[in-house]
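Engineer: One structure, pasted below without further comment.
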Amino acid sequence: MNANDPRTYRTTPLSFFVLAFAITWLAWMVPVLAGRGMFTLSSTMQIVWLVIGSFGPFMAAFVSTYRDGGWPHVREFFGRCLRYRIGPLYLIAALLLEPALGWITAWWLARHGGPPLGINVSLAHLPLLYAILFFGGGSCNEEFGWAYAIDRLQLARPLALAAPVFGVIWGVWHLPLFYIPGTSQSVMPFWAFAILTTALRVIYVWAYEGAGKSILASLLFHTAANLCFNFYMLVDTSPRHDERGLIVFAVLNVAVAVIVLLTSRVYRRRTLA
């Protein structure tokens, strides 16, 4: 156990993941089965079930933190989303890094037979889109739970190992989405998506730890990454199913993740502790 964390945990990491996966996959199984023709589900209800399932990590974190230390622990943990003093480096990276990598990917695609380079969201619609993605599009839904997970995982292993391993787990958590018609994942190769989630989690954890375990840093990073798939045509939904956008975006994030792993004091400090 990390000497800097004196708390006694009653919830094991395995118990947390089982709960988070169970909540999510049970909810997402409804549109999965509907997509296989077992019953009829309206598009509105499909969205409802998708959103309910996406809050599996959030709900698992709430249950786990309460079990670990009651309401004081819950208030301390969820209050980390208000830690706004995260440092200029992490703030700039959280807001701009993923959109920059998305732009590079879109530029490369435009030069190699892909769609023309351009941003698909008007400035007038950007605030509303950002709010939707932040509060219900994956960020708040997931990042509270994933913050709890990385806190627990690094107690027994170096952070430089815990982060990429968790990135793979995070990718697997999304697996039912690949079997639901109409989702972005339904037209993605899972192997490329898993590489992307592994790289992204290394970057998110770097910001989370470097900013003093500020969940806000992870929320901003997650929202910015999701914005990329709205800004640019990184996922080809046409019958052609051009996979190059996702692959290039994943490779760019892997490059950044490797640099962070090799140079960041966050990972060196945690690895040597």
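The values are calculated or read from the model by the stated rules, or taken from the named source; none is laboratory data. Model, not experiment: these values are computed from the prediction. For neighbour counting, all protein chains shown are included, and Cβ atoms are generated from backbone atoms with ideal geometry for every residue, glycine included. Surface areas here come from the heavy atoms of the whole protein model, side chains and all, with no ligands, DNA or RNA. Shrake-Rupley method; radii C 1.70, N 1.55, O 1.52, S 1.80 Å.
Engineer: Express the accessible area of the chain per residue in Å², computed with a 1.4 Å probe while the remaining protein chains stay in the model.
Structural biologist: Result: 48 Å² per residue.
Engineer: Going out from 0 in 10 Å bins, what whole percent of all Cα-Cα distances in the range 121-267 drops into each bin?
Structural biologist: Answer for the range 121-267: a P(r) of 11, 40, 36, 12, 1 percent.
Engineer: With +1 assigned to the C-beta of every Lys and Arg and -1 to the C-beta of every Asp and Glu, and no other charges, what is the dipole magnitude of the chain about the Cα centre in debye, to the nearest 20?
Structural biologist: For the chain, the charge dipole is close to 640 debye.
Engineer: Check each of the trypsin sites (Lys or Arg not before Pro) in the range 45-154 and keep only those in coil by DSSP with at most 12 other C-beta atoms within 10 angstrom; list them in order.
Structural biologist: Of the trypsin sites (Lys or Arg not before Pro), the ones in loops of the range 45-154 whose Cβ has at most 12 other Cβ atoms within 10 Å are 85.
Engineer: Exposed loop sites here are chymotrypsin sites (Phe, Trp or Tyr not before Pro) in DSSP loop states with at most 16 other C-beta atoms within 10 Å. What is the longest stretch of the chain lacking them?
Structural biologist: That gives 85-273 as the longest site-free run.
Engineer: Hey, what does the equivalent ellipsoid look like for the range 1-117, semi-axes from the Cα gyration tensor as sqrt of 5 times each eigenvalue, largest first, whole Å?
Structural biologist: Here the semi-axes work out to 34, 29, 12 Å.
Engineer: A follow-up question, please. Placing +1 at every Lys and Arg Cβ and -1 at every Asp and Glu Cβ, with all other atoms neutral, what dipole size does the range 111-255 have around its Cα centre, in debye to the nearest 20?
Structural biologist: My answer is approximately 160 debye.
Engineer: Pick from 65, 40, 11: which is most flexible by mean-square fluctuation in a GNM of the chain where alpha carbon atoms under 10 Å apart are linked?
Structural biologist: The residue that fluctuates most here is 40.
Engineer: Shifting gears a bit: Report P(r) for the chain: all Cα-Cα distances, bin width 5 Å, range 0 to the bin holding the largest distance, values in whole percent.
Structural biologist: Taking every Cα pair in the chain, the percentages come to 1, 6, 12, 16, 19, 18, 13, 8, 4, 2, 1, 0.
Engineer: What's the whole-number percent of alpha carbon pairs in the range 66-165 lying beyond 19 angstrom?
Structural biologist: 65
Engineer: Past the 21 angstrom mark, what percentage of all C-alpha to C-alpha distances in the range 107-197 do you count?
Structural biologist: When every Cα pair of the range 107-197 is considered, 54 percent fall beyond 21 Å.
Engineer: Placing +1 on the Cβ of each Lys and Arg and -1 on the Cβ of each Asp and Glu in the range 1-90, which of 21, 46, 79 has its Cα farthest towards the positive end of the resulting dipole?
Structural biologist: It is 79, whose Cα lies furthest towards the positive end.
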